[in-house]
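Structure first, commentary second.
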Amino acid sequence: MKRYLILEDGTVFPGEGFGSSIITTGQLVISNNRTGIEQSVTDPDTEGQILAFTIPSVGNSGINRDFYESINSQCKGVVIGSSSLSTVDGSVSFENWITGLKIPGIKNVDVRALAKHIAEHGEMKASIMDTHDEHAMDQIKALVLPPDLVKRVSTRQSYPNPNMGLKIVIVDLGLKYSILRQLSYRDCNSIIVNYNSTAEEIESLHPDGIIYSNGPGNPEDLPRTIKTIQVLQKNYPILGIGLGNLLIALANDCQIIRLKEPHHESSLAVKEVASGKIDFVNHNHSYTLDEKYIGGSDFIVTNVCVADGTIEGIRHEYLPIMCVLFEPEAAPGPTDGYYVFDEFIDLVESVKKQEGARNQWN
Amino acid sequence: MAKEIIDGQTMTRALTRITYEIIERNKGIDDLVLVGIKTRGVFVAHRIESRLKQLENISIPVAELDITPYRDDHEATDLTTVKAEPLDIDINNKHVILTDDVLYTGRTIRAAMDALMSVGRPKKISLAVLVDRGHRELPIRADFVGKNIPTSQKEKIKVSMKEIDGEDKIEIE
């Protein structure tokens, strides 16, 4: 069935439809992931997004159905060049898998021309439709993207991920399961809470440390969460990942900027400033921190992207707050970033030890 | 038989964490001075210095300290006759961070403090070590520890560093 990818500026890319046949609209995001498509598609970060994969043929290494980052949310559409029929366990190919998830897709699209177009004109809204007449154009132009993306993906009710170790409260802004996998691996006794939980609610759980997770959308749409961070950061070690990092920066009077060339790639080099170590990690963000404000703040830059110098990680000079903008839990991508979780556990433990010493003397 | 318990990557990470902790607890690193105890403590000091420089863009002085004359297991230990080898930096009114690879009985650190005191009057002395293996014989503790490794006294901890041993690792035997 012939379908069309229509961009906000009126550009039309014809292609062939697969997956669900519904009409879909969303923010078009160019992803340079080569593998781990399963994880990208099910990543809550992609809520409200239409993902366009620049790899010429998707699914060549099959679909691994054990790779998923959420069970409830997924992107709003996929755009691909072509796909392969290969499977991992003889069960499902890329297109059948997308059909099963009820996601609309469009193939035989010139994804490289599309990527070039977006690189030149910036990220924009898009729609996958059956026609490309004037009515369709008007619709896409009139479309207002919803500002409540985090509300849609955040858990409504708190739930535990029990274990015997440190108690970590995770504020779910669009949590990827791989963060929980990493915490489980480190024996953390985690509790996952809604993004709008108040400081008192979180304090009542008596956490050893708090994680602000990754998530979709613009952090400036979450003023309540920012206020909560301002209260909690005085008393608890905090790790911010992705959107969490941006919120923590905003809570400390730093500013954020939209990247001209957004980072959506599963393997981009990041340098650890202190040691000069290079890690290849998964990136999925359109915003970054404004260098001018970081310089005047109490934060130091701990990680930078090698390719364009973007700030990828910060740390507070005297409060136990550490942040990374990339995704240390990988999924998809190389696992170089796992050390961030070790570092956070170290941070939590050292704060605990100091507190213990203080209690002993007071 | 020697068994590797810490690899190069973990050692690098431990040094980076010590650096973050030094920044965190000092609110400004302007009056800091690093003094490394020969031999591997000096490399630890240099590595921390280079990290601080990368992060804060401030170069802080590093000195090497030879504590051999101050050790208490030598025969001629009349400390009044020991002639201190002058440090090539001023430590008066500075916050000195002593660095060493392994903290064990604490006797090395005591000797180092004697050596420091004989050349100046620091505002404060802190201690950063890569490994704390326990079994102290003196009331000394480290402010910054890379890794706590519980050991028995029969065991040996061997720290290798790239600068002198060709690779970064910590072994136990």
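The values are calculated or read from the model by the stated rules, or taken from the named source; none is laboratory data. For clarity, every value in this text was computed on a predicted model and none was experimentally measured. Note: ideal-geometry Cβ built from the backbone for every residue, glycine included; neighbour counts use all protein chains shown. Quick note on the areas: whole protein, heavy atoms, side chains included, nothing else; ligands and nucleic acids left out. Shrake-Rupley method; radii C 1.70, N 1.55, O 1.52, S 1.80 Å.
Before moving on, here are some points about what is shown:
- Some residue of region B:62-72 being closer than 23 Å to B:Ile164 by Cα, modelled with pLDDT of 90 or more, at the interface with chain A (Cβ under 10 Å from one of its Cβ atoms) and under 18 Å from the mean Cα position of the chain (by Cα): no
- Scan of region A:115-134 for residues that are part of a loop (DSSP other than H, G, I, E, B) and either small (Gly, Ala, Ser) or without any contact (Cβ under 8 Å) to a residue 12 or more places away in the chain (or both), ordered by number: A:Gly122, A:Asp133
- From A:Ile30, A:Ile55, residue being out of contact with any strand residue (DSSP E or B) (no Cβ under 7 Å at 6 or more places or on another chain) and of a type in the set (A, V, I, L, M): A:Ile55
- Filter result (of a type outside the set (Asp, Glu), open to solvent by 10 Å² or more (accessible area, probe 1.4 Å) and more than 20 Å from A:Val109 (Cα to Cα)) within region A:49-69: A:Ser61, A:Asn64, A:Arg65, A:Phe67, A:Tyr68
- The one condition from (1) touching an Asp or Glu at 6+ places or on another chain (Cβ under 7 Å); (2) more than 20 Å from A:Pro328 (Cα to Cα) that A:Glu201 does not meet is (1).
- The criterion of at least 3 residues that are open to solvent by less than 60 Å² (accessible area, probe 1.4 Å) and assigned by TED's automatic domain parsing to the domain that holds A:Ile226 is met by the following strands (runs of 3 or more DSSP E) wholly inside region A:149-212: A:167-172, A:189-194, A:209-212.
- Flag if A:Tyr236 is under 25 Å from A:Glu123 (Cα atoms), surrounded by 19 or more Cβ atoms within 10 Å (Cβ to Cβ), among the aromatic types (Phe, Trp, Tyr) and away from every other protein chain (no Cβ under 14 Å): no
- Applying a threshold of 6 Å to beta carbon distances and a minimum spacing of six or more residues, or different chains, the list of pairs starting in region B:1-20 at a residue that is in a loop (DSSP other than H, G, I, E, B) and ending at one that is surrounded by fewer than 17 Cβ atoms within 10 Å (Cβ to Cβ) reads B:Ala2/B:Glu171; B:Ala2/B:Glu173.
- Candidate set from region A:317-335 (those that are touching a residue at least 60 places away in the same chain (Cβ under 8 Å) and within 12 Å of chain B (Cβ to nearest Cβ)); member that is farthest from A:Cys254 (Cα to Cα): A:Pro320
- Region A:290-309, residues that are in contact with a strand residue (DSSP E or B) (Cβ under 8 Å, 6 or more places away or on another chain) and either away from chain B (no Cβ under 14 Å) or closer than 15 Å to B:Gln54 by Cα (or both): A:Asp290, A:Phe299, A:Ile300, A:Val301, A:Thr302, A:Asn303, A:Val304, A:Cys305, A:Val306, A:Ala307, A:Asp308
- Every pair of residues 6+ apart whose Cβ atoms lie under 9 Å, when the first sits in region A:95-114 and is charged (D, E, K, R) while the second is assigned to a helix (DSSP H, G or I): A:Lys107/A:Glu95
- Wholly enclosed strands (runs of 3 or more DSSP E) of region A:251-335 bearing at least 3 residues over 20 Å from A:Gly209 (Cα atoms): A:256-272, A:278-289, A:299-305
Residue-wise test of (1) loosely packed, with under 14 Cβ neighbours inside 10 Å; (2) at pLDDT 90 or above; (3) part of a strand (DSSP E or B); (4) of a type outside the set (Ser, Thr, Tyr).
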position	(1), (2), (3), (4)
B:Leu87	no, no, no, yes
B:Thr108	no, yes, no, no
B:Val131	no, yes, yes, yes
B:Pro139	yes, yes, no, yes
B:Lys147	no, yes, yes, yes
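- Applying the condition of being within 25 Å of the chain's Cα centre (by Cα) and surrounded by fewer than 17 Cβ atoms within 10 Å (Cβ to Cβ) to region A:102-112 and asking which residue is nearest to A:Asp130 (Cα to Cα) yields A:Lys102.
- Test result for B:Ile172, more than 14 Å from B:Val35 (Cα to Cα), open to solvent by less than 30 Å² (accessible area, probe 1.4 Å) and free of Cβ contacts under 8 Å to residues at least 60 places away in the same chain: no
- Condition met for B:Ala115 (aliphatic (A, V, I, L, M), open to solvent by less than 50 Å² (accessible area, probe 1.4 Å) and part of a loop (DSSP other than H, G, I, E, B)): no
- Residues being more than 9 Å from every other protein chain (Cβ to nearest Cβ) and buried (at least 17 other Cβ atoms within 10 Å of the Cβ) - total across region B:6-28: 4
- Qualifying positions in region B:29-41 - away from chain A (no Cβ under 14 Å) and open to solvent by 10 Å² or more (accessible area, probe 1.4 Å): B:Asp31, B:Lys38, B:Thr39, B:Arg40
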